[in-house]
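Asker: Here it is: the structure, laid out below.
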Amino acid sequence: MQYRKMPCGREKLSALGFGLMRLPVDAEHKIDEVKTLEMLHYAHQKGVNYFDTAWGYHSEQSEPMLGKFLQQIDRKSVFVATKLPTWLIKTRADMDDYLNRQLEKLGTTYIDYYLMHALNGKRWKELLKLGAIDFLEQAKADGRIR
């Protein structure tokens, strides 16, 4: 596996990441947990250490699926990225609420990379007015986001 050193830290992320947007599903379109866990473990054993998910992936079931995997490995051996569902944010408190719910769904106390999902110019201006910078700085300071 090839790795890339992050510019602002010591972390070395695998050049190949594992995205949890399109996972195997059963006949009812629910995530096939057995196949998915096999895939996640295989990737991890081969050196993949960057796993990307989001609130809305697989009808909000991608984060809990990744959470099951995280409970089966050394959490410190991987970097997790997920995303704030910006289209659902109406207040500053919503930002904390979604982040806390995501931490719970993932079964972890911190997220390594927290992205702003589906961000555009208009939405960014709205988030700034709601205090997005303060939210991110606070979440970083209290350790919820690395």
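Asker: State, as an integer percentage, the relative contact order of the range 45-134 based on alpha-carbon contacts under 8 Å between residues 6 or more apart. Present the calculation step by step, with values, prior to reporting the outcome.
Answerer: Numbers: 108 pairs, mean separation 29.6, N = 90.
Value for the range 45-134: 33 percent.
Asker: While we're looking at this one, here's another question. For all pairs of alpha-carbon atoms in the chain, what percent lies in each bin of width 10 Å, listed from the first bin to the last filled one?
Answerer: Bins of 10 Å from zero give 11, 40, 35, 14, 1 percent of pairs.
Asker: How much area per residue is accessible in the range 10-84 when the probe is 1.4 Å and only protein heavy atoms are counted (Å²)? Intermediate values should be presented prior to the final figure.
Answerer: Values: 4030 Å² over 75 residues.
Normalised by residue count, the accessible surface of the range 10-84 is 54 Å².
Asker: Just flag the GluC sites (Glu not before Pro) in the range 1-58 sitting in loop per DSSP whose Cβ has no more than 11 other Cβ atoms within 10 Å.
Answerer: E28
Asker: Shape of the range 6-56 from its Cα gyration tensor (a ≥ b ≥ c, root eigenvalues): rounded if a/c is under 1.5, otherwise prolate when a/b > b/c, or oblate?
Answerer: Details: a/c = 4.22, a/b = 1.94, b/c = 2.17.
In terms of gyration-tensor shape, oblate.
Asker: Under a plain spin-label model, where a point goes 7 Å from the Cα along Cα-to-Cβ, how far apart in nm are W87 and R101?
Answerer: The modelled label-to-label distance comes out at 1.5 nm.
Asker: Ordered by packing density, taken as the mean number of other Cβ atoms within 10 Å over each peptide's residues, highest first, how do 44-51, 134-141 rank? Can you show the working numbers first?
Answerer: On the way: 44-51: 16.6, 134-141: 15.1.
Peptide ranking by packing, descending: 44-51, 134-141.
Asker: Here's a follow-up. What are the trypsin sites (Lys or Arg not before Pro) within the range 78-118 that DSSP puts in a loop, where the Cβ has at most 11 other Cβ atoms within 10 Å?
Answerer: Working: sites: K83, K90, R92, R101, K105; in loops: K90.
Those satisfying the criteria are K90.
Asker: Report ³J(HN,Hα) in whole Hz for each residue of the range 26-42, in order, from the Karplus equation J = 6.51 cos²θ - 1.76 cosθ + 1.60 where θ = phi - 60°; Gly and Pro get x.
Answerer: Working through the residues one at a time gives 8, 4, 8, 6, 9, 4, 7, 4, 4, 4, 5, 5, 4, 4, 4, 5, 4 Hz.
Asker: Ok, one more. Where the accessible area of the range 17-82 is counted over protein heavy atoms with a 1.4 Å probe, how much of it, in %, is carbon and sulfur? Present the calculation step by step, with values, prior to reporting the outcome.
Answerer: Working: 1750 of 3440 Å².
Exposed carbon and sulfur together represent 51 percent of the surface.
The values are calculated or read from the model by the stated rules, or taken from the named source; none is laboratory data. Because the structure is a prediction, the values reported are computed rather than measured. Note: ideal-geometry Cβ built from the backbone for every residue, glycine included; neighbour counts use all protein chains shown. To get the accessible areas, we keep the full protein, side chains included, count just its heavy atoms, and leave off ligands, DNA and RNA. Shrake-Rupley method; radii C 1.70, N 1.55, O 1.52, S 1.80 Å.
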